[in-house]
Amino acid sequence: MKEEKKKTNQPRWADLNLSNEKLVKMYRDMLMIRRFEERAAQEYGKGKIGGFCHLYIGQEATGVGAIAPLREDDYIYTAYRDHGQAIARGMDINGCMAELFGKVTGVSKGIGGSMHFYDLSKGFMGGWGIVGGHPPLAAGSAFATKYQGKDSVTICFMGEASTNQGVFHETLNMAELWKLPVIFICENNGYGMGTAISRAMAGEHLFEKASGYEMARGAVNGMDVIEMYREMSIAIKRAREKSLPTFLEARTYRFRGHSMSDPGQYRTKEEIDEYKKRDPIETFGRELVAEGVLKESDLESMDEQIKADVQKAVEFADASPQPPLEMLHENIYG
Ligand SMILES: Cc1ncc(C[n+]2csc(CCOP(=O)(O)OP(=O)(O)O)c2C)c(N)n1
């Protein structure tokens with residue numbers, strides 16, 4: 001009886017070997033992404049940021065929960081909605097903000113912009129703009145590390161619309177055929193630009209697309225950082241120890257438009273409000289307080305500190321110089 005009571009009193013992450021420090025870091029990373037992007041939206045409005053800018057707000061738990069169980073020698077590929085994953089990977093927020101501002105101190109020297117964050121030292125391989133264009137690169141990365149006899153894992157984020165591309169299927173086929181240590185994380189936020197998934201995709205169970213290749217697969221609640229961490233830990237173990245791929249469908253939602261230029265008239269306020277009730281940051285923050293990991297006052301002071309850090313990043317970006325003209329001729333094939 002005593003034993004049973006003890007079990008039910010345990011937090012739901014008790015089996016995951018997560019220290020309080022790690023739990024707090026996961027919460028902090030999600031809040032940093034949120035505050036960084038809210039500020040990016042403001043700066044975009046002021047004309048400080050140009051070009052495309054796709055916000056990750058609402059999807060934070062997917063990126064943080066997927067990246068938290070990785071090792072430093074693992075690799076990450078993603079699409080253009082890349083700020084959140086870059087921050088979750090520990091990329092410098094000054095460099096990230098400067099990249100948005102198109103400054104030479106940016107993570108891609110100011111010539112990539114919002115869609116092309118990159119940091120080799122963190123194994124963050126971008127930031128890619130073509131829908132479905134990067135999954136084959138991720139499979140190539142997994143092939144390379146396997147060929148070199150390393151036990152690194154490559155993870156690849158993609159939007160659900162990319163799974164309608166032919167190259168997606170070619171990639172899954174080769175990944176399973178060659179037993180590559182790669183994890184595909186499909187962030188199903190329900191919409192490809194303004195088109196609801198139900199209008200563009202046959203079949204209700206997206207993750208079953210991987211069944212044609214007999215790949216390990218499943219769906220996970222992408223609004224829940226702990227569930228993401230749990231499923232990713234299993235997939236990472238499979239990739240690292242057995243060199244096998246996994247396809248995970250993370251069910252999530254973006255609270256903002258597709259990009260900064262999207263007025264978002266294809267969804268109702270009621271639908272958005274419904275998802276906001278499941279805000280991944282608020283729900284996890286409440287849970288950490290309920291479990292005694294943090295106090296309400298800790299949440300507040302952390303938020304203040306993060307806002308101050310983001311303010312400094314904006315000042316850094318603003319004060320940084322533009323890339324010099326000579327750089328126009330660098331990194332060009334010809
Ligand atoms: C090959 C290709 N076709 C069209 C586009 C234009 N486009 C940019 S984003 C996007 C929607 C992609 O949606 P999804 O993959 O679900 O990702 P999300 O934006 O929801 O993160 C489209 C069609 C593109 N970038 N590349």
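Worth a mention:
- For the condition surrounded by 12 or more Cβ atoms within 10 Å (Cβ to Cβ) and in a helix (DSSP H, G or I), Leu288 qualifies.
Rundown of residues vs (1) under 25 Å from the mean Cα position of the chain (by Cα); (2) assigned to a loop (DSSP other than H, G, I, E, B); (3) touching a residue at least 12 places away in the same chain (Cβ under 8 Å), yes/no style:
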{"residue": "Arg267", "(1), (2), (3)": "yes, yes, yes"}
{"residue": "Glu271", "(1), (2), (3)": "yes, no, no"}
{"residue": "Asp303", "(1), (2), (3)": "yes, no, yes"}
{"residue": "Val310", "(1), (2), (3)": "yes, no, yes"}
{"residue": "Glu326", "(1), (2), (3)": "no, no, no"}
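- Applying a threshold of 7 Å to beta carbon distances and a minimum spacing of six or more residues, or different chains, the list of pairs starting in segment 79-96 at a residue that is among the charged types (D, E, K, R) and ending at one that is within 16 Å of the ligand (Cβ to nearest atom) and not in a helix (DSSP H, G or I) reads Arg81/His54; Arg81/Tyr56; Asp82/Met115; Asp82/Phe117; Asp82/Gly127; Arg89/Ile76.
- Test: residue in segment 90-98 that is under 15 Å from the mean Cα position of the chain (by Cα) and assigned to a loop (DSSP other than H, G, I, E, B): yes
- Any hit, segment 51-64, residues being more than 16 Å from the ligand (Cβ to nearest atom), charged (D, E, K, R) and out of contact with any strand residue (DSSP E or B) (no Cβ under 8 Å at 6 or more places or on another chain): no
- Every residue from segment 187-217 that is surrounded by fewer than 16 Cβ atoms within 10 Å (Cβ to Cβ), away from the ligand (no atom under 11 Å from the Cβ) and among the hydroxyl-bearing types (Ser, Thr, Tyr): Ser198, Ser211
- Identity of the residue in segment 33-62, under 21 Å from Ala250 (Cα atoms) and of a type in the set (A, V, I, L, M), that ends up surrounded by the most Cβ atoms within 10 Å (Cβ to Cβ): Ala61
- Hey, Arg240 of a type outside the set (Phe, Trp, Tyr) and closer than 21 Å to Pro11 by Cα or not: no
- Residue within segment 155-163 that is away from the ligand (no atom under 13 Å from the Cβ) and either free of Cβ contacts under 8 Å to residues at least 60 places away in the same chain or in contact with a helix residue (DSSP H, G or I) (Cβ under 8 Å, 6 or more places away or on another chain) (or both) present: yes
Coordinate-derived values only; no laboratory data. Small disclaimer: the values here were computed from a predicted structure and weren't measured. Virtual Cβ from ideal backbone geometry, glycine too; neighbours counted across all protein chains shown.
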